[in-house]
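The values are calculated or read from the model by the stated rules, or taken from the named source; none is laboratory data. Keep in mind that this is a model prediction, so the values were computed, not measured. Every residue, glycine among them, receives a Cβ derived from its backbone with ideal geometry; neighbour counts consider all protein chains shown.
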């Protein structure tokens, strides 16, 4: 996400890696205001929905992202077990509602079956390779994950952590204070940092 407004607080890099049956969402902790680091350990990745079966991360203006998390949770309650439908319904609201249209953020969301990117223009995109990178360092993290995804000796979480390290070494709006959420089919939710 390009930082054009020096008065907005930005959250930066989110990566989602789907490999085998596992899905990992990882986010850095840096929040910047212009060229100043305001906070280094923000939590930009969290669980949503009943039982925490959905993981979501945001990049963009922090307050806007929390509004979007709440809206998505409401849509998940209306469409339980159907992430795609909930995401499409939220994207419709985001695009057509006067208040929501002004929000500056992007979201990555995933369950055990689907990974999606949601944007304020009404887009709901499912990547063909199971990898998502959003935010200032998203393209760096995504490129690193793509380079590592075929390694047999690396699990989804290993790939996500290494890709985030690479992004943090390149993007000044990304740090190495990370939050990781992992989904394993048929297992209890896991979180680590």
Of the residues in the stretch 144-187, those that are out of contact with any strand residue (DSSP E or B) (no Cβ under 7 Å at 6 or more places or on another chain), free of Cβ contacts under 8 Å to residues at least 24 places away in the same chain, part of a helix (DSSP H, G or I) and within 28 Å of residue 52 (Cα to Cα) come to 144, 148, 158, 162, 165
For the stretch 107-129, check the following and say yes or no: at least one residue is at pLDDT below 95, buried (at least 24 other Cβ atoms within 10 Å of the Cβ) and either over 14 Å from the mean Cα position of the chain (by Cα) or not in a strand (DSSP E or B) (or both).
no
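Being touching a helix residue (DSSP H, G or I) at 6+ places or on another chain (Cβ under 6 Å) and in a helix (DSSP H, G or I) narrows it down to one residue among 85, 71; which is it?
Working: 85 fails: touching a helix residue (DSSP H, G or I) at 6+ places or on another chain (Cβ under 6 Å).
When all the criteria are applied, what remains is 71.
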When restricted to 163, 168, 141, 145, the only residue crowded, with 20+ Cβ neighbours inside 10 Å, modelled with pLDDT of 90 or more and under 22 Å from residue 69 (Cβ atoms) is 141
Scanning the stretch 1-35 for residues that are over 16 Å from the mean Cα position of the chain (by Cα), closer than 29 Å to residue 149 by Cβ, modelled with pLDDT of 75 or more and not in a strand (DSSP E or B) gives 20, 21
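Which of the residues spanning the stretch 40-68 are part of a helix (DSSP H, G or I) and over 21 Å from residue 114 (Cβ atoms)? Working first, answer last.
Start the filter on the stretch 40-68 by keeping residues that are part of a helix (DSSP H, G or I), which leaves 50-52, 62-68.
Those that are part of a helix (DSSP H, G or I) and over 21 Å from residue 114 (Cβ atoms): 62, 63, 64, 66, 67.
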Flagged in the stretch 76-88 as within 13 Å of residue 50 (Cβ to Cβ) and surrounded by 15 or more Cβ atoms within 10 Å (Cβ to Cβ), in numbering order, are 76, 79, 82, 83, 86
In the stretch 48-57, residues that are under 11 Å from the mean Cα position of the chain (by Cα) and touching a residue at least 60 places away in the same chain (Cβ under 8 Å) total 2
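Looking at the stretch 130-145, which of its residues are closer than 17 Å to residue 168 by Cβ and under 13 Å from the mean Cα position of the chain (by Cα)? Please lay out each step first, then the result.
Taking the stretch 130-145 first, the residues closer than 17 Å to residue 168 by Cβ are 133-145.
Within the stretch 130-145, 133, 134, 135, 136, 137, 138, 139, 141, 142 meet the criteria.
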